[in-house]
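Just so it is clear, none of the values below were taken in a lab; they were calculated from the coordinates. Bear in mind the structure is a predicted one, so any value in this text is a computation, not a measurement. Reconstructed Cβ throughout: ideal geometry from the backbone, glycine too, with neighbour counts over all protein chains shown.
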Amino acid sequence: MASRSEPGPHDAPDELARSDHGGAGTGSARAARNHEELLRDRRAALRQDQSAVGAAELSRHVLDWARCLDAGERTLREALRDGAARPDAAGPDAAGPGGSEVPVADARALGRAAALLGAAEAAAVLAARSAHTLTAESSVTTTMVSALVPALVAESTAGLGRPVAERTPDSERLRGAVVAQFPWLVHAFAAEEADEAGLAEAVRLGEPLVEVDPSRLNSLSRGGCSPIQALPRLVAGPALGTAPAEVQDLAKSVLAVGDELHRRMAEVPDEPRSTATDRQLAAAYETLYAAAACLGLWAAGAAVGELWLRAALRALLVRLHRLLGEEPPALAPQPAEELLAAGLTAEGPLLPF
């Protein structure tokens, strides 16, 4: 099947194939072992020195994700230090960070921002590891995560009244490249095809990774996207079978809206250029990837807590329905966002991974 507009060389994840990522040193450069490490090292450097660049040895994609995540985390920390996300909200009726009184609307905004930023981090970490273990899928994974991370950072910080701008023109180009791969993504999802071995390695955070094999890099991912294609088995499997009821319900809702999303993707005509509606479907697909990353990492034993997972899935589910032009789902009344906000402190870790 012919693609609409195949991603050009600037979209392909060629930089992910480079294994010699030397760091600045005093006479010799230390080679970073993998892209998960690059993401973590980059974020650590940015936290220590916000003017640090040092991009020569890093993948352009991973560097961009790290910068966006750092900007979102700093904004959330500033909001926590100020004590409330929306000063005009009425009524101090919820316990906030550090035990202070924070209006419910503010606590909800803080919790939702933390949940969305955590979801962005989950997607970035999984994509960084997948470059090694699901290399043939990197053309779609790195492209959509490069649009997703700044979008989630922009949405979360806007909810705090401190918006960090999304690079809209670049996101539109990236989403157009994902639209070009819809035929393969739809087919692989319908067949529930997934590289289970590669995915299992990708979700084992901190475990050693093999070097990226450049011969497996392609401009199109004809095998689709394993984290999304594994969702049906994950949702029906034993890992989520023992999860709290709300987590199971949210996971089933994510899968249901994923089915609808793929039905609409299948209806997109095979044309050279994507439309705004097509690119909105690509944005929904990115969001589905973030949900799959959250569920997959949590099910694999990442110690992030059930409360964060609930809040993240709630936020992503609302975003999915909005991007599909549907009414937001009726969510359980438990105050996951407020409870998550109550555990945040400006001095402590804010993102789960």
> In Å and whole numbers, how far do the C-alpha atoms of the range 236-322 stretch along each principal axis, longest first?
Replying inline: 44, 20, 20
>> Can you compute the modelled spin-label distance between Glu260 and Ala300, with each label point 7 Å from Cα toward Cβ, in nm?
In response: 2.9 nm
> Which order do Leu320, Leu231 fall in if you start with the one that has the fewest other Cβ atoms within 10 Å?
Replying inline: Leu231, Leu320
> What's the exposure ranking of Thr277, Thr75, Thr143, Thr287, going from fewest to most Cβ atoms within 10 Å?
Replying inline: Thr277, Thr75, Thr143, Thr287
> Which GluC sites (Glu not before Pro) in the range 130-231 pass both tests, a DSSP loop state and at most 16 other beta-carbon atoms within 10 Å?
Replying inline: Glu192, Glu193, Glu211
>> If neighbour count is taken as other Cβ atoms inside 10 Å, put Leu339, Leu148, Leu317 in order from fewest to most.
In response: Leu339, Leu317, Leu148
>> Could you give me D for the range 297-353, from Stokes-Einstein at 20 °C and 1.002 mPa s, where the hydrodynamic radius is the Kirkwood radius over C-alpha pairs? Units µm² s⁻¹, please.
In response: 167 µm²/s
>> Multiplying the sequence separation of Asp249 and Leu205 by 0.36 nm and subtracting their Cα-Cα distance, what value in nm do you get?
In response: 13.3 nm
> In the range 292-353, what GluC sites (Glu not before Pro) fall in a loop by DSSP, with at most 11 other Cβ atoms inside 10 Å?
Replying inline: Glu326, Glu347
> Once you have the alpha carbon radius of gyration of the range 142-263, what is it after dividing by 2.2 N^0.38 Å, with N set to its residue count?
Replying inline: 1.23
